[in-house]
Amino acid sequence: MAEAATPKVAIVGAGLTGLVAAWRLVQEGVSVVIFERYPQAGGLVATFRVGGEELECFYHHLFTTDRDYVALAEELGLGDSIRWLASSMGIYTAGKLYPFGTPLSLLRFSPFSLADKLRFALSVLYLGRVKSPQRFTGVPAWQWIRRFAGKRVLDLVWGPLLEQKFAERKHEVSMAWLWKKVQLRGQSRGAGGFKEALGYMDGSFGRLVRLLEAKLRERGVVFRYGEPVLKLEATERGLALRTRKGVELFPYVLFTASPRELVRVDSGAFPGWYRQKLEALEATNALCLVLELDRAFLPFYWTNVADPSFPFGGVIEHTNLVEKERYGSRHVVYLSKYLFARHPLWQASPKEVYDAFVPHLSRLNPAFSEKFILDWHLFKAADAQPLVTCHYESKLPPVETPIPGLFHCSMAHIYPEDRGQNYAVREANRVAALMLQRLRAS
């Protein structure tokens, strides 16, 4: 292993953004040390084992538009490990499970009248043709859908989904957020919108994380696992990072955790206007209950649960995308819930979450029995879904903060796209390029 020089850059967070930014910096000869509160790298791409195979703690896939991630995988020699697989989507609404997401399934979607189907289709086609978020940024999604797609489309499809993702703040979400989600989903489909292809890396996306970590170690990067940054202070000699092991000084720091975390570590160095911007950026947390079953559960890879009486909003049956044989012939199902920290389930024990979720599974599949569950796991992530409100782009604080040498690049900075691996890579490339400019000028 190469000898590590005195670090010039500290990166807080060993998620994908931190790892990719570190990779770009060390490629240019910059010395880096990475602080990570958890015992492994990856952030939301952390993995565990099912049937001997690595699997993400939180469901992941790629869209065909995810060029930044694919380019990185190819650069690292993992491009051939990405397979593009046929996907399928369903929706549970009005007390029944339906295929959804293709023109044919829309025609057969009995909860909609003919007028509803026409308005839904025209609104989706329109969103797919708009090239910029500007006309949507100041419009609440709830309001736009009701006006242009209709009340029944809102009540049966979009409204419950916004509520599951953003709870009581659903009326504040910008249409720019939903526009980009609809657009990217449409671009992942073939001609006519009948077939969707999603990408998955053989052996899990954790392979890329582990390879990046190994390459960074070879370049002398120091990983400080289990060492969260407690305080950050601007001094005349540089930026001081305090951990349980003491205080270290760095001329440059890249902070990749959420705005809330950056506020937490501030020791009074931030100007009032900047701190207010950080505090105004909110996010929901994520719960993901992963079930290992002895048989298939639903016929779809992705099922939106558009019913607010359910404690979860998404059912992602991973083994309806990737063959079950990779996981010891176990069927893998993610049950996803987004919620604010004040929600009782966020503070609940794993067994309490399990007990809240599992009784509802028979509503989706009446043949389901708890006996089908071979094992289960609960994973939690704070600040997992930024709350993208109207005029969000004007609320974002700059990546280059008002504190000299301090840069902030987090999931909150991804806009107008929804958060995802591809955009973590894209933003990491951008912030690393900016930091290199400043390093060369200093």
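The values are calculated or read from the model by the stated rules, or taken from the named source; none is laboratory data. Just so you know, these numbers come straight off a predicted model, no measurement behind them. When we count neighbours, we look across all protein chains shown, and the Cβ atoms used for this are built from the backbone with ideal geometry, even at glycine.
Observations on the structure shown:
- Failed item, numbered, when Ser123 is tested on (1) outside any loop (DSSP other than H, G, I, E, B); (2) closer than 17 Å to Ala306 by Cα; (3) among the polar types (S, T, N, Q): (2)
- Residues of segment 186-227 that are at pLDDT below 95 and polar (S, T, N, Q): Gln187, Ser188.
- Residue satisfying all of: in segment 1-34; at pLDDT below 95 and in contact with a strand residue (DSSP E or B) (Cβ under 9 Å, 6 or more places away or on another chain); surrounded by the fewest Cβ atoms within 10 Å (Cβ to Cβ) among these: Ala4
- Top-ranked residue of segment 206-265 - restricted to ones that are under 21 Å from Ala381 (Cα atoms) and aromatic (Phe, Trp, Tyr), ranked as nearest to the chain's Cα centre (by Cα): Phe255
- Residue within segment 186-194 that is loosely packed, with under 15 Cβ neighbours inside 10 Å and free of Cβ contacts under 8 Å to residues at least 60 places away in the same chain present: yes
- Residue count for segment 102-123, restricted to those that are more than 21 Å from His171 (Cβ to Cβ), of a type outside the set (D, E, K, R) and either in contact (Cβ under 8 Å) with a residue 40 or more places away in the chain or crowded, with 16+ Cβ neighbours inside 10 Å (or both): 9
- Criterion (of a type in the set (D, E, K, R), at pLDDT below 95 and not in a loop (DSSP other than H, G, I, E, B)) met by exactly one of Asp68, Asp116, Asp155: Asp155
- Residue check, Arg275 assigned by TED's automatic domain parsing to the domain that holds Thr243 and surrounded by fewer than 20 Cβ atoms within 10 Å (Cβ to Cβ): yes
- Given (1) of a type in the set (Val, Ile, Thr); (2) within 22 Å of Glu417 (Cβ to Cβ); (3) crowded, with 21+ Cβ neighbours inside 10 Å, number of the condition Ile91 does not satisfy: (2)
Matching residues to (1) closer than 30 Å to Gln183 by Cα; (2) of a type in the set (Gly, Ala, Ser):
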residue: Cys390; (1), (2): yes, no
residue: Lys395; (1), (2): yes, no
residue: Pro404; (1), (2): no, no
residue: Met411; (1), (2): yes, no
residue: Gly420; (1), (2): yes, yes
residue: Arg426; (1), (2): yes, no
residue: Ala432; (1), (2): yes, yes
residue: Arg438; (1), (2): no, no
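- Neighbours by Cβ (under 6 Å, 6+ apart or cross-chain): first from segment 16-28, assigned by TED's automatic domain parsing to the domain that holds Val222; second of a type in the set (Gly, Ala, Ser): Leu16/Ala424; Thr17/Ala424; Thr17/Ala428; Val20/Ala428; Ala21/Ala428; Ala21/Ala432; Arg24/Ala432; Leu25/Ala432
- Among residues that are under 30 Å from Trp84 (Cβ atoms) and in a helix (DSSP H, G or I), Lys215 is included.
- Only residues that are more than 13 Å from Gly18 (Cβ to Cβ) and in contact (Cβ under 8 Å) with a residue 40 or more places away in the chain were counted across segment 400-414, and they come to 7.
- Count - residues of segment 93-105 that are out of contact with any strand residue (DSSP E or B) (no Cβ under 9 Å at 6 or more places or on another chain) and farther than 15 Å from Leu154 by Cα: 4
- Filter result for Thr65 (in contact with a strand residue (DSSP E or B) (Cβ under 7 Å, 6 or more places away or on another chain), among the polar types (S, T, N, Q) and not assigned by TED's automatic domain parsing to the domain that holds Trp179): no
- Residues being of a type outside the set (Lys, Arg), in contact (Cβ under 8 Å) with a residue 40 or more places away in the chain and closer than 25 Å to Gln385 by Cα - total across segment 268-291: 15
- Residues that are of a type in the set (Lys, Arg), crowded, with 16+ Cβ neighbours inside 10 Å and over 13 Å from Gly29 (Cα atoms) within segment 215-232 comprise Lys215, Arg224, listed in sequence order.
- Residue in segment 339-357 that is among the charged types (D, E, K, R) and crowded, with 22+ Cβ neighbours inside 10 Å present: no
- Residues that are in contact with a Pro (Cβ under 6 Å, 6 or more places away or on another chain) and at pLDDT below 95 do occur in segment 122-133.
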